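Heads up, the thing below is written out as structure tokens.
The values are calculated or read from the model by the stated rules, or taken from the named source; none is laboratory data. Since the structure is predicted, the reported quantities are computational estimates derived from the model, not experimental observations. Backbone-built Cβ (ideal geometry, glycine too); neighbour counts: all protein chains shown. Calculation scope for accessible area: heavy atoms of the full protein, side chains included, ligands and nucleic acids excluded. Shrake-Rupley method; radii C 1.70, N 1.55, O 1.52, S 1.80 Å.
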Amino acid sequence: MSVPTTMAVAGRTVRRVLVAGLGLALVALTPLTAQASGTTEAAGEPVAATGAAAGPAGVIGASSEPESVAGAAAAPVAVTRTTLAEDTVIPRGVTVDLVRRTMTLTAGEKRHLRGRLEATSTTTGIVGLTERIRCLDASGRTVPVVAASARNHEGSDTVTYATPGHLPLFADLLFTAPADGTYTCVLQGTAYSSLTGSYHLTAVAGKTWLEADDSDRVGAGRWQNPACESADSGGACTYVGTGPARRDAWVFYDDGTPTRRWQAHPDAVSVSAQANLELTTCYHGTASCATAMQAHPRGKNAVVDARFEFIQLGTTGHACRTHSTTARRTVTDDAHHAVGYSFLTGLPVDPACGTRDFLMRIYVKHVSGQTVKIDGVQSGVTSLTNGIAFNNFG
């Protein structure tokens, strides 16, 4: 994952001027008129919610074939959490392995991995923090895709987190074994900054963990945003905001890649869906956005509305049942990047629709402030905006 340098200096006064780099602000998702609640607490644990169904919502351009759901029905999947036993230092510029899980899988077998990294800092300056979940084969090679999440830690004296000075990040990966073999999945942390002097971040024991399924996630499906490099020198990323940016966008839907459908397993009693959406503010001088998208000086911040939708399609390709959750998100320039987590759980599969096909998308609308970039896949491997659909059995 390409991570731009975070420029920061010690002290509360000037550190807010020289910040740039990759980080995900874990901000509150405040529900608006949601058809189903599924939000994230400010710098705290994600909150799962049950989705309610809404009526038809128009034609959906789902022209691609649904993902196959062949295979035997499965029992509910148990999950094992492996917790960091000791506080672990993450020095500047170093990627540190924190927690790992080794699994023996057959080709095509799927596992959902969720990581939580909680970090403290020894400085009041801003330090970038990136969390990754990376799976390696028996030879030690990384198996794409790598899931990532990040945020600039805003200092040991920060009181805006759920626990002052403690920044939690989450990342989600749906791993599919490319071949029979043994795989080791690792939760990693990286710190980066141009601060001078001695400092480091620390992963907190007991609060940092990696969860992994104990058995196959039969028929689970995955979405990801297309290529979007950190600096976006080629202008490939999607932006919403003012000036040359779009006013709104549909993630996983109108990004130029083929729209994909997912088919619920015939024995699933219900389905669930989740998505991690990463946004980046484009203030003047940032290294994380195309120059043309930098409309305001640093400190303007950004406000966007986001609506996560999981849609059961009818036989004609129209929306038959729409499940959604809506949130207004504020992304500060101090945070610079923000990840929002959306969940819809226990959704019924309506037989009246005539299909078990679903489509996932996120509507993002600019409200005020900075233009924001919708982050995607970096270096062809690392996914920053992604979604997962699950079958629920039993």
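Per-structure values
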item: Of all residues in the stretch 100-141 being of a type in the set (Asp, Glu) and free of Cβ contacts under 8 Å to residues at least 60 places away in the same chain, the one that is farthest from Arg217 (Cα to Cα); result: Glu131
item: Selection within the stretch 116-127 - buried (at least 21 other Cβ atoms within 10 Å of the Cβ) and touching a Lys or Arg at 6+ places or on another chain (Cβ under 8 Å); result: Arg116, Glu118, Gly125, Ile126, Val127
item: Criterion violated by Ala147 - all others in (1) closer than 21 Å to Gly376 by Cβ; (2) at pLDDT below 95; (3) crowded, with 19+ Cβ neighbours inside 10 Å satisfied; result: (2)
item: Among (1) over 21 Å from Asp255 (Cα atoms); (2) surrounded by fewer than 24 Cβ atoms within 10 Å (Cβ to Cβ); (3) touching a residue at least 40 places away in the same chain (Cβ under 8 Å) - the single one Leu344 does not satisfy; result: (2)
item: Residue in the stretch 316-333 that is part of a strand (DSSP E or B), among the basic types (Lys, Arg) and open to solvent by 20 Å² or more (accessible area, probe 1.4 Å) present; result: yes
item: Conditions (1) out of contact with any Lys or Arg (no Cβ under 9 Å at 6 or more places or on another chain); (2) hydroxyl-bearing (Ser, Thr, Tyr); (3) under 29 Å from Val251 (Cα atoms); number of the one not met by Tyr192; result: (1)
item: Residue tally, condition open to solvent by less than 10 Å² (accessible area, probe 1.4 Å) and under 20 Å from Pro168 (Cβ atoms), over the stretch 183-227; result: 10
item: For Phe308: the one exception among (1) surrounded by fewer than 24 Cβ atoms within 10 Å (Cβ to Cβ); (2) assigned to a strand (DSSP E or B); result: (1)
item: Residue within the stretch 226-248 that is of a type in the set (Asp, Glu), outside any loop (DSSP other than H, G, I, E, B) and closer than 25 Å to Thr95 by Cα present; result: no
